[in-house]
1. Return the pairs, sorted by first residue and then second, in which the second residue is of a type outside the set (A, V, I, L, M, F, W, C), the first residue lies in segment 401-418 and is open to solvent by 20 Å² or more (accessible area, probe 1.4 Å), the beta carbons are less than 6 Å apart, and the residues are 6+ apart or on different chains.
2. Mind checking whether some residue in segment 266-283 is at pLDDT 95 or above, buried (at least 17 other Cβ atoms within 10 Å of the Cβ), under 14 Å from Ile213 (Cα atoms) and touching a Leu at 6+ places or on another chain (Cβ under 7 Å)?
3. Consider only pairs whose beta carbons are under 8 Å apart and that are at least six residues apart or on different chains; among these, list those whose first residue lies in segment 114-139 and is open to solvent by 50 Å² or more (accessible area, probe 1.4 Å) and whose second residue is within 11 Å of the ligand (Cβ to nearest atom) and assigned to a helix (DSSP H, G or I).
4. Condition first: within 13 Å of the ligand (Cβ to nearest atom), outside any strand (DSSP E or B) and either within 24 Å of the chain's Cα centre (by Cα) or assigned by TED's automatic domain parsing to the domain that holds Arg10 (or both). Can you find one or more residues in segment 96-112 that meet it?
5. Given the conditions (1) open to solvent by less than 30 Å² (accessible area, probe 1.4 Å); (2) outside any strand (DSSP E or B), report the number of the one that Met289 does not fulfil.
6. Within segment 267-283, can one find any residue that is more than 13 Å from the ligand (Cβ to nearest atom), closer than 27 Å to Pro132 by Cα and not in a loop (DSSP other than H, G, I, E, B)?
7. Please tell me if Glu210 is within 19 Å of the chain's Cα centre (by Cα), within 11 Å of the ligand (Cβ to nearest atom), of a type outside the set (A, V, I, L, M, F, W, C) and buried (at least 24 other Cβ atoms within 10 Å of the Cβ).
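The values are calculated or read from the model by the stated rules, or taken from the named source; none is laboratory data. For clarity, every value in this text was computed on a predicted model and none was experimentally measured. Backbone-built Cβ (ideal geometry, glycine too); neighbour counts: all protein chains shown. When the accessible area is computed, the model is the full protein with side chains, heavy atoms only, and any ligands, DNA or RNA have been set aside. Shrake-Rupley method; radii C 1.70, N 1.55, O 1.52, S 1.80 Å.
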Amino acid sequence: MFNKVLIANRGEIALRVIRACRELGLQTVAVYSEADRDSLHVRFADDDVCIGPPPSRDSYLNIPRLIAAAEITGADAIHPGYGFLAENAEFAETCAASNVVFIGPTAAQIRVMGDKAAARNAMAAAGVPIIPGSPGPVDDADEALTLAREIGFPVIIKAAAGGGGKGMRVARDPEDFGRSFQLARSEALSAFGNGEVYVEKYLARPRHVEFQILGDTHGTVIHLGERDCSVQRRHQKLIEEAPSPAVDRELRARMGEAAVRGASSIGYTGAGTIEMLLDTDGSFYFMEMNTRIQVEHPVTEMLTGVDLVKEQIRVAAGERLSVRGLPAPRGHVIECRVNAEDPARNFQPCPGKIAVFHPPGGPGVRLDTHVYAGYTVPPYYDSLLAKLICEGRTREEALRRMQIALESFIIEGIPTTIPFLARVMANPRFMAGEVDTKFLEREPELMKEPVPAAVA
Ligand code: ADP
């Protein structure tokens, strides 16, 4: 086992990893930018190193500085969290070359799955269903249009290097196609430095259903069930739950088997997620694999009782997985992402100082957060403030707990998405479990603060 783990991240995930390390008896090193001096991850780690000015490229994305921080503090492993360098194959390689273990899959596994077009081909070869689409990247607009006609409209044009909902454009008809194709390409080039795109069928009302994968270096690959992440805004997840209201035992077995087959085909090691789209007719398709811990991992942790971050660390140290497969189901879990954003203003980020902070609590409530009263949310990073996760013996109980937890969650000083999330939890269609990835587009009133009734 390792002695000391450096966490190459910030915010709630840095705290989450520190907790796992402490439970395993490992020392921790926090790294921070000048904007994060007052962050809790700096306070709770055994050691800390300032790695540069606020912009991510000068700090959390700066590989030489991270490696130097590991060398100075004597860290023998690095946990990348999610975002930043978590899916950067070059970082994984540089760690290995510097005799520091990268807590995650191999650079080769990151590379295959990081290129969505290559990943599609790898999964198709393993017999996992993929969404009908172009066999590889296409760079000629006319050729792409011919392919789109064969696939059938509407189609989605996606950046091969894509992530975070960027570099994706839907084309409804051939007239629409040329413009969408150019937009997707230029967006891909500016966001990822790689303009490669491919085309696939655009499903009208799919659900986003993803499977949690764990693999070790002894050849075991398992899944820990699904998470339904269909409540999205602009292809970004806002609410996640498990089990999926649309997945029964039989479908879970089939989807889970496909996910494990896909991950096994590349000998996957560590924690990862196979993301799939589930169509209204029950067909499911591989969409992409994330080769890291996900934001929404606590949903699976609460449902299964498995500590995914501890499993990641154990696997990286060469140990066997401590679980054999999906434990017997026990209830239902829902997660809400609380962001410093203003839903009424197009979810514009609202950094600033938190004046009052009162967290929810009680049975079945978990809160993963790095913020506190007096903390200033810096403008440089993502706007996630907290993840609120509630479990219940039934979906109804989990939902009710979430409603109460959101009501008693007080954050003052900056706008947050708490009132918006509370409205979703009270929405009849959400309550009935009838959501797909277009749910929020059909319910625009959820974005708005209800007008208070006139005083008589
Ligand atoms: P990213 O890597 O940027 O997160 P994904 O490929 O994971 O992109 O897709 C994100 C979301 O975009 C999905 O959850 C889904 O809502 C939507 N999406 C992607 N591909 C399709 C498709 N072929 N048909 C319909 N929706 C899609």
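1. Every condition considered, the pairs that remain are Arg401/Gly364; Arg401/Gly392; Ser408/Pro360; Ile410/His358; Gly413/Lys353; Pro415/Asp342.
2. yes
3. Here the result reads Pro132/Ile151, each pair linking segment 114-139 to a residue that is within 11 Å of the ligand (Cβ to nearest atom) and assigned to a helix (DSSP H, G or I).
4. No - not one qualifying residue is present in segment 96-112.
5. Among (1) open to solvent by less than 30 Å² (accessible area, probe 1.4 Å); (2) outside any strand (DSSP E or B), Met289 violates only (2).
6. Quick first cut of segment 267-283, residues more than 13 Å from the ligand (Cβ to nearest atom) only: 267-272, 281-282.
From what's left, closer than 27 Å to Pro132 by Cα: 267-268, 272, 281-282.
Then keep just the ones that are not in a loop (DSSP other than H, G, I, E, B); that gives 272.
Yes, segment 267-283 contains at least one residue that is more than 13 Å from the ligand (Cβ to nearest atom), closer than 27 Å to Pro132 by Cα and not in a loop (DSSP other than H, G, I, E, B).
7. Values: within 19 Å of the chain's Cα centre (by Cα): yes; within 11 Å of the ligand (Cβ to nearest atom): yes; of a type outside the set (A, V, I, L, M, F, W, C): yes; buried (at least 24 other Cβ atoms within 10 Å of the Cβ): yes.
Criteria met by Glu210.
Residues are listed down the side, and each one gets a yes or a no for (1) touching a Leu at 6+ places or on another chain (Cβ under 8 Å); (2) over 30 Å from Arg366 (Cβ atoms); (3) among the acidic types (Asp, Glu):
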site	(1), (2), (3)
Asn3	yes, no, no
Asp47	no, no, yes
Cys50	no, yes, no
Pro55	no, yes, no
Ala75	yes, no, no
His79	yes, no, no
Leu85	yes, no, no
